[in-house]
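Below you'll find the structure, written out as structure tokens, and then a few comments.
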Amino acid sequence: MLYRVLPILVLGLTAALTAAAIEFLPETLYFPVVEYSTPENVQIALFKNGELDRSSCEQGAGKVAIAIRAGCPTCKVVERCFRGLDAERRKILSREPLSTPSVRMPGGKLTMTLSTRDPQLALGVCQQIERQSASRRVDQRLRCFPALAAR
Amino acid sequence: MTNAEKIYDAVMRLPYVAFLSFFLIRELSGIRTLVAFHPYVGGDWSFVMALATRVSVVIFFSVMLSFFISRFRPISKYSNWNPKITALLGTLFTYLLLLTPRAPADAFWNSLSTLLVLVGCTTAILVMVDLGRSLSIMPEARKLVTSGLYRRIRHPLYLAEEIAIIGFYLQFRSWQTMPILVVHFYFQIRRMDWEESILAKAFPAYAEYKQRTYRLFPRLY
């Protein structure tokens, strides 16, 4: 009896703990988000993967904000750290299609969403970001995804 | 058992319990870091398997830790250091693997690794059911067990451990870490020699048991 039940129990425990880690561990992590608006009035939100503690998160968000300010002195930049992922941020970091154009780094290390009243303008900025990253290493390149496109 | 003996036995368990706890906590922290870098999860099978692999390692460590904490006291053991050092190296050497960087996530290798670690873990639990609380790191005689998985092979716990360790190795998959595995196997074989020798001394029935059983693999070895 034990010889039959135990393998199923161990397998079930592994599956349950893996599912629990996926579902609940993000709630213990900190996620940096940097939002800025360009002079053309495109709102860009930049989402990075999680950090284990708040200070690392703030440090990471701060570095990104400094880089953005250096490249765009007139942009309004706000950096923040969120504990855990709500449904919206989880969707942005996932591969699900979004209602706005978005930019994604391979492996989901970095995701950007672009919104503006003119959808063509947002898409244009998105494609421009992709072109600008073309000279980077393959795993550092950014790819633009139009609104509602599979990512 | 006197109070002094109980305290001595508890103290002697502490180093290995601390050692194993360190790696257990390290693996748990590793899982958190892994999730931090992959919070998007959905549909990423390779990531799910990488996570399941780490979870299986945590389960294996937890099982080994609980076995070790609840074991019996030995009735016979070696007084010289050679078998003790062999046993320690056989057990601890493989943990060096966990201090080296893991190979990039790969669904196939991680699935195979999870499978082997879980097979090793399940077999270890079944062995412990047969063995009662006679687990030891050093070659020591506690009780002669010849039933269950011990009916056909003399070292099913080693077999379980080695299956799991090959599973661990698949998470690293490098030529640089291969010597760790080879040296570990060498010390484990030496450890079996010492263990068989002390069991033969402690239990007269062991000679007959050894005659009719294989060491690790029925009909092979």
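Couple of notes before you dig in:
- Out of B:V11, B:V57, one residue alone is surrounded by fewer than 17 Cβ atoms within 10 Å (Cβ to Cβ) and part of a helix (DSSP H, G or I). It is B:V11.
- When residues of the stretch A:32-65 are limited to those that are basic (K, R) and in a helix (DSSP H, G or I), the one surrounded by the most Cβ atoms within 10 Å (Cβ to Cβ): A:K63
- Single unsatisfied condition, A:S102 versus (1) touching a Ser or Thr at 6+ places or on another chain (Cβ under 6 Å); (2) free of Cβ contacts under 8 Å to residues at least 40 places away in the same chain; (3) more than 9 Å from chain B (Cβ to nearest Cβ): (2)
- Listed conditions (1) surrounded by 14 or more Cβ atoms within 10 Å (Cβ to Cβ); (2) in a strand (DSSP E or B); (3) more than 12 Å from every other protein chain (Cβ to nearest Cβ) are all met by A:F82, apart from (3).
- Of all residues in the stretch B:104-115, none are part of a helix (DSSP H, G or I), over 17 Å from B:Q171 (Cβ atoms) and modelled with pLDDT of 80 or more.
- Screening the stretch B:29-45 for residues that are in a helix (DSSP H, G or I) and at the interface with chain A (Cβ under 10 Å from one of its Cβ atoms) and picking the one that is modelled with the lowest pLDDT gives B:F37.
- Within the stretch B:92-128, considering residues that are among the hydroxyl-bearing types (S, T, Y) and within 14 Å of another protein chain (Cβ to nearest Cβ), the one nearest to B:D44 (Cα to Cα): B:S111
- Residue within the stretch A:14-33 that is touching a His at 6+ places or on another chain (Cβ under 8 Å) and modelled with pLDDT under 90 present: no
- Exclusive hit being surrounded by fewer than 19 Cβ atoms within 10 Å (Cβ to Cβ), closer than 30 Å to B:P101 by Cα and touching a Leu at 6+ places or on another chain (Cβ under 8 Å), set B:I166, B:I189: B:I166
- Selection within the stretch B:202-221: residues that are in a loop (DSSP other than H, G, I, E, B) and of a type in the set (A, V, I, L, M). The member of this set that is surrounded by the fewest Cβ atoms within 10 Å (Cβ to Cβ) is B:L220.
- If you go through the stretch A:1-41 and keep only what is more than 26 Å from the chain's Cα centre (by Cα) and at the interface with chain B (Cβ under 7 Å from one of its Cβ atoms), you end up with A:L2, A:Y3, A:L6, A:P7, A:V10, A:L11, A:L13, A:T14.
- Lone qualifier among A:Q140, A:Q128, A:Q120 - being surrounded by fewer than 20 Cβ atoms within 10 Å (Cβ to Cβ) and under 21 Å from B:T33 (Cα atoms): A:Q140
- Pairs, first touching a residue at least 24 places away in the same chain (Cβ under 8 Å) in the stretch B:101-123, second acidic (D, E), C-beta under 8 Å, six or more apart: B:G120/B:E161; B:G120/B:E162
The values are calculated or read from the model by the stated rules, or taken from the named source; none is laboratory data. Owing to the predicted nature of the structure, the values given are computational and were not obtained by experimental measurement. No Cβ is skipped: glycine too gets one built from the backbone with ideal geometry, and neighbour counts run over all protein chains shown.
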